[in-house]
Amino acid sequence: MHPDNDKILEPISTELEALDLAKRHLMQYSYKEVSLWLTKQTGRYISDVGLKKRVDIERKRKKAARIKRKLAKRLEETLQEIQKLEEECIGAYSVRPEEARA
């Protein structure tokens, strides 16, 4: 816990590193084997189902973030194209410098 605020949890770097390594082990070993290994490494119990849920949630969040970044980029490109078309269009609204002063 955070020393100033008991509602904030501080990350435990050794456990997070072990979890990252465990995710890489999942390519070769089963969730059950990896969860047992992770429990031995960290001293904190995690079931194979709990590990799978955690990995699935993280994958889902990363996928959603990737999609949102892609959509944001497409939106930015579209807005730039719209602005370009509006500026180049004949008869587009523009303010002349002498009208702006008046």
Single residue of K32, K52 found to be in contact with a Phe, Trp or Tyr (Cβ under 9 Å, 6 or more places away or on another chain) and in contact (Cβ under 8 Å) with a residue 12 or more places away in the chain: K52
What pairs can you find where one residue is in region 2-28 and surrounded by 10 or more Cβ atoms within 10 Å (Cβ to Cβ), the other is in a loop (DSSP other than H, G, I, E, B) and modelled with pLDDT of 90 or more, and their Cβ atoms are less than 8 Å apart, with a gap of 6+ or different chains? E15/R44
Report those helices (runs of 4 or more DSSP H) wholly inside region 27-102 carrying at least 2 residues which are modelled with pLDDT under 85. 48-88, 97-101
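The values are calculated or read from the model by the stated rules, or taken from the named source; none is laboratory data. Not measured: the values here are computed from a predicted model. Neighbour counts are summed over all protein chains in view; Cβ atoms, including those assigned to glycine, are modelled from backbone coordinates with ideal geometry.
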